[in-house]
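Heads up: the structure comes next, in structure tokens.
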Amino acid sequence: MNDLGLAVEATKILTKADGATVKKRITAGIKITDVVLDEPDAKKIGKPAGRYITLEGEPDTPQMTLILEKAMRELICKSGRIFIAGLGNPDVTHDSLGALCARKVVPRKDRRYSVSAIETDVAARTGIDTARLVKTVANEISADCVIAIDALACENPRRIGKTVQLSDTGFVLGSGAGSDCGEISRGFLRIPTVAVGVPTMTALSSLTKKHTGNFLVTAADIDIIAEQWAEVISDAINGF
């Protein structure tokens with residue numbers, strides 16, 4: 001579980017005087033927000049500098065898979081070996097998105113792309129540092145690009161299951177749960193790293209408007225939401 005608050009939520013505190021580039025459009029009923037943060041603006045909102053593409057819509061929205069695939073293509077390597085890392089705990093429904101996606105990705109090798117995928121699970125269960133696991137596998141297979149997939153935590157509960165965020169900044173592992181377990185990023189892996197995430201939880205304080213500690217809540221049908229988005233994300237990757 002990663003990133004408490006989406007970039008599209010955090011950038012709302014920036015003013016027109018700031019240097020962030022924010023582009024918005026609607027395509028096939030899907031709201032697309034494309035944000036580029038430089039270092040000063042990134043520090044203001046507590047996010048890594050880089051590009052964030054957010055798609056807002058239901059997973060079964062027509063064209064969602066195609067638009068997501070197109071957005072991914074803007075961030076990944078133009079050709080070579082792509083390594084898919086499905087992050088999170090597969091036995092915890094709200095944290096199972098990464099594992100579900102990895103299971104649905106079709107490994108292949110063709111003239112443009114080779115695709116490999118694994119479920120990383122979490123260090124608390126495996127005893128293996130997740131970031132180092134991803135780096136080791138990426139090095140072993142000579143990956144040219146990593147796509148890391150995980151569940152996110154959001155500030156606005158209305159975004160649960162209705163938003164997917166892509167970025168070239170990677171993930172700070174465990175940040176949504178209030179811990180820091182390293183990072184999966186270009187800086188650490190030394191290759192382009194794309195983070196893909198869907199918010200599946202929100203802070204309880206977002207609902208109560210009161211300080212309630214680090215408690216997170218999710219939707220009653222989160223199992224269905226996770227399966228639907230896993231299908232969409234894996235189909236987008238299988239379309240490369």
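Descriptive notes on the structure:
- Residues that are closer than 21 Å to VAL172 by Cα, of a type in the set (D, E, K, R) and open to solvent by 60 Å² or more (accessible area, probe 1.4 Å) occur at least once in segment 32-40.
- Among the residues of this structure, GLY98 counts as one that is open to solvent by less than 50 Å² (accessible area, probe 1.4 Å), closer than 19 Å to THR202 by Cβ and either charged (D, E, K, R) or in a helix (DSSP H, G or I) (or both).
- Residue within segment 7-25 that is at pLDDT 85 or above, basic (Lys, Arg) and under 23 Å from LEU173 (Cβ atoms) present: no
- When every residue of segment 101-112 is checked against the conditions, at least one turns out to be more than 17 Å from ALA226 (Cβ to Cβ) and open to solvent by less than 70 Å² (accessible area, probe 1.4 Å).
- Test: residue in segment 23-40 that is of a type in the set (Val, Ile, Thr) and in contact (Cβ under 8 Å) with a residue 60 or more places away in the chain: no
- Scan of segment 31-61 for residues that are over 14 Å from the mean Cα position of the chain (by Cα) and part of a loop (DSSP other than H, G, I, E, B), ordered by number: ASP38, GLY46, ALA49, GLY57, GLU58, PRO59, ASP60, THR61
- Taking the conditions (1) touching a strand residue (DSSP E or B) at 6+ places or on another chain (Cβ under 9 Å); (2) in contact (Cβ under 8 Å) with a residue 40 or more places away in the chain; (3) among the basic types (Lys, Arg) in turn, ARG108 satisfies each one other than (2).
The values are calculated or read from the model by the stated rules, or taken from the named source; none is laboratory data. Not measured: the values here are computed from a predicted model. A quick note on method: Cβ atoms are made from the backbone with ideal geometry, for glycine too, and the neighbour counts reach across all protein chains shown. To get the accessible areas, we keep the full protein, side chains included, count just its heavy atoms, and leave off ligands, DNA and RNA. Shrake-Rupley method; radii C 1.70, N 1.55, O 1.52, S 1.80 Å.
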